[in-house]
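The values are calculated or read from the model by the stated rules, or taken from the named source; none is laboratory data. Remember, predicted model here, so these are calculated numbers, not experimental data. Here Cβ is always computed from backbone atoms with ideal geometry, including for glycine, and neighbour counts include all displayed protein chains.
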Amino acid sequence: MAAIRLALDHGVAGIECDIQRTRDGHLVVIHDQTVDRTTDGRGPVVSYGLEDLRRLDAGRWFAPAFAGERIPVLDEVLDVARGRVLLMLEIKNGPTFYEGIERQVVDTVRRHGMEGDVLLISFDHESLRTVRTLSPGIATGILYAARLIDGPAAARAAGADAVCVDWHFATADVVSGSHDAGLAFFVWTVDDETVARELLALGVDGITSNDTRLLGRLLKEG
């Protein structure tokens, strides 16, 4: 939550975060499918009940100043972001598969009245097709890191509105082809100024970065 609040203070247009599920069925925001790297705990997220998961320190690994940070539940993130920013929510589904997570995410977004304020993304394109069936009004985007023969076709197969691509695979023809197909085009993860400038020149619609000040400055420069 400290990172999300800082990004909001910096005036970002969007925030990307990742959704996993606890053993007792709660949606939580954490990137890895295990807690080993970013907390003082060990084991898969799905092996923890929410109460035990929330006891873990999720900040000290980054810096002493963030000791005591907790893994947030999705509701907390939606509450903070509502009306302020686009949320790109990645459904982490695989290699640990959370059966029925799509309906849970959709229901949670609806409960907060944020159907128009989120972009649900995933490497699991089947999961996104399920989201499209459950809620045609929630925007979705396929994630991939490859030279696909036809990225727009993959997006159409999932019923998606956007492609979200590892920036290394963002060439001029891929960007223009996606736009010609009516798809938004996002790239991840870029922290280098030169690379960011090149991607903006290609006409990408969004860049995921760890450096919110860098992108804010470049966008102001036009």
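Quick one: is Gly59 in contact with a Leu (Cβ under 6 Å, 6 or more places away or on another chain), of a type outside the set (Val, Ile, Thr) and not in a strand (DSSP E or B)? So Gly59 does not fit the description; no.
The number of residues in the range 6-33 being part of a loop (DSSP other than H, G, I, E, B), in contact (Cβ under 8 Å) with a residue 60 or more places away in the chain and among the aliphatic types (A, V, I, L, M) comes to 2.
Scanning the range 8-18 for residues that are at pLDDT 95 or above and touching a helix residue (DSSP H, G or I) at 6+ places or on another chain (Cβ under 6 Å) turns up just one, Ile15.
Search the range 71-103 for residues being in contact (Cβ under 8 Å) with a residue 60 or more places away in the chain and charged (D, E, K, R), and hand back the single one that is farthest from Ser47 (Cα to Cα). Here the residue is Arg84. Taking the listed residues Ala170, Ala155, Ala181, Ala160, the one that is modelled with pLDDT of 95 or more, more than 20 Å from Val131 (Cα to Cα) and either of a type in the set (Lys, Arg) or surrounded by 21 or more Cβ atoms within 10 Å (Cβ to Cβ) (or both) is Ala170, with no other qualifying. Identify, from the list Leu219, Leu214, the residue that is more than 25 Å from Asp124 (Cα to Cα), of a type outside the set (Asp, Glu) and crowded, with 16+ Cβ neighbours inside 10 Å. Exactly one of Leu219, Leu214 is more than 25 Å from Asp124 (Cα to Cα), of a type outside the set (Asp, Glu) and crowded, with 16+ Cβ neighbours inside 10 Å, namely Leu214.
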